[in-house]
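Trainee: The structure under discussion is supplied below as structure tokens; questions concerning it will follow.
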Amino acid sequence: MSDVVLEGRGLAHSYGSTRVLDAVDVEVRAGEIVAVMGPSGSGKSTLLHLLAGLLRPDAGEVWLAGERLDTLGERRRSERRLAERGFVFQFGDLAPELTVEENVELPLRLTGVRPPTARARAHEMLDRLGIVEHASKRLSEVSGGQAQRAAVARALVHTPPVILADEPTGSLDTTTGELVLEAFVAAAREQGSAVVLVTHELRVASWASRDVLLRDGRIVGGSGRPALDEPLAEVTG
């Protein structure tokens, strides 16, 4: 398998006196999809935010493509977040003053891509996710599920080497959720992106190369399944 792209070493983080992560080690390789699972309050989202560089760990290290992130200044961390990572937050986190298409274009425009090229790539990604007909609408004019798909399109449009998603299918029906998961699989296979999905759904985790199980801020299990040519069958029960 390819080299490690994203790695957390001995990660610990607290909110006040509450320790939410404790000595967590995790690594993700290029072209790999890792599902992070666990009960509510197990530290899944905090781990994702640490790997994203949105939080600094109280202890431990975060490495991206051979460079340590948690010791960088805010400007450099922001530059690397923009250029090298795509994010899907649980509630989308799109800009309401922009159209769907403008939201998707944003990572491209901020990294200097010319407007016609950014517009064409945004259209292509919106078409892949089945919402290109809503490109000119504002967020107040689309459904929550359509907005979530736009958030996924924004995360993928600049072909980042790392994609991090927090419950990306939580507001979607099964069919639409599978469309989103297919887009993540395509990103991993076609461009070699490392993908980290936080989820509580076994159905979603079944699309991953392997899973990591968190409980009480520690890794307590997970599988070592190799990446497959096709997504795994849905898990029931």
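Nothing in this text is a laboratory measurement; each read-out follows from the coordinates by a stated rule. The model shown is predicted, which means the values in this text are computed figures rather than measured ones. Glycine gets a Cβ as well: all are built from the backbone with ideal geometry, and neighbour counts include every protein chain shown.
Trainee: What is the Å³ per residue value for the convex hull set by the Cα atoms of the stretch 4-222? Please report the intermediate quantities before stating the final value.
Mentor: Working: hull volume 26.2 nm³, N = 219.
Considering the Cα atoms of the stretch 4-222, their hull volume per residue is 119 Å³.
Trainee: If you place +1 on the Cβ of every Lys and Arg and -1 on the Cβ of every Asp and Glu, how big does the dipole about the Cα centre of the stretch 4-222 come out, in debye to the nearest 20?
Mentor: On the way: 26 positive and 30 negative charges, 84 e Å.
That gives the stretch 4-222 a dipole magnitude of about 400 debye.
Trainee: For the chain, what proportion of DSSP beta bridges, expressed in % and rounded to the nearest 5, is antiparallel? Don't jump to the answer; show the numbers that get you there.
Mentor: Details: 20 of 37 bridges.
Around 55 percent of the beta bridges assigned by DSSP in the chain are antiparallel ones.
Trainee: For Ala120 and Glu182, compute 0.36 nm times the residue count separating them, minus their Cα-Cα distance, and round to one decimal in nm.
Mentor: Extra length available between Ala120 and Glu182 comes to 20.2 nm.
Trainee: Given the Cα-Cα distance of Tyr15 and Asp3 and 0.36 nm per residue of separation, how much length would full extension add, in nm?
Mentor: Working it through step by step, the gained length comes to 1.0 nm.
Trainee: Tell me whether the stretch 38-165 comes out rounded, prolate or oblate; compute the Cα gyration tensor, take square roots of the eigenvalues as a ≥ b ≥ c, and use a/c under 1.5 as the rounded threshold. Can you show the working numbers first?
Mentor: On the way: a/c = 2.50, a/b = 1.53, b/c = 1.64.
Here the stretch 38-165 falls in the oblate category.
Trainee: Normalised by the residues of the stretch 11-67, what does the relative contact order come to in percent, with Cα pairs under 8 Å and at least six apart?
Mentor: Numbers: 51 pairs, mean separation 22.5, N = 57.
Rounded, it is 40 percent for the stretch 11-67.
Trainee: Then there is this: Please give the calculated 222 nm ellipticity per residue for the chain, where each DSSP H segment of at least 4 residues contributes -39500 (n - 2.57) and the sum is spread over every residue; nearest 500 deg cm²/dmol?
Mentor: -10500 deg cm²/dmol
Trainee: Working out 0.36 nm times the residue gap between Arg56 and Ala95, then minus their Cα-Cα distance, what length gain in nm do you get to one decimal? Numbers along the way, then the final one.
Mentor: Details: separation 39, 0.36 × 39 = 14.04 nm, distance 2.48 nm.
Residue separation times 0.36 nm, minus the Cα-Cα distance, leaves 11.6 nm.
Trainee: Another one. So which residue, out of Val62, Val88, Val142, gets the largest mean-square fluctuation from a GNM of the chain using Cα contacts under 10 Å as springs?
Mentor: Val142
Trainee: Which whole-percent values make up P(r) of the stretch 108-201 when all C-alpha to C-alpha distances are grouped in 5 Å steps starting at zero?
Mentor: Bin by bin from 0 Å, the calculated values are 3, 13, 24, 25, 21, 11, 3, 0.
Trainee: Right, here's the next one. So how far apart, in nm, are the two label points at Arg75 and His200 if each is 7 Å from Cα heading toward Cβ?
Mentor: That separation, rounded to one decimal, is 4.2 nm.
Trainee: Continuing with the same structure: With a sphere of radius 14 Å drawn around the Cβ of Arg109, what net charge do the other residues whose Cβ falls strictly inside it have (Lys, Arg +1; Asp, Glu -1)?
Mentor: +1
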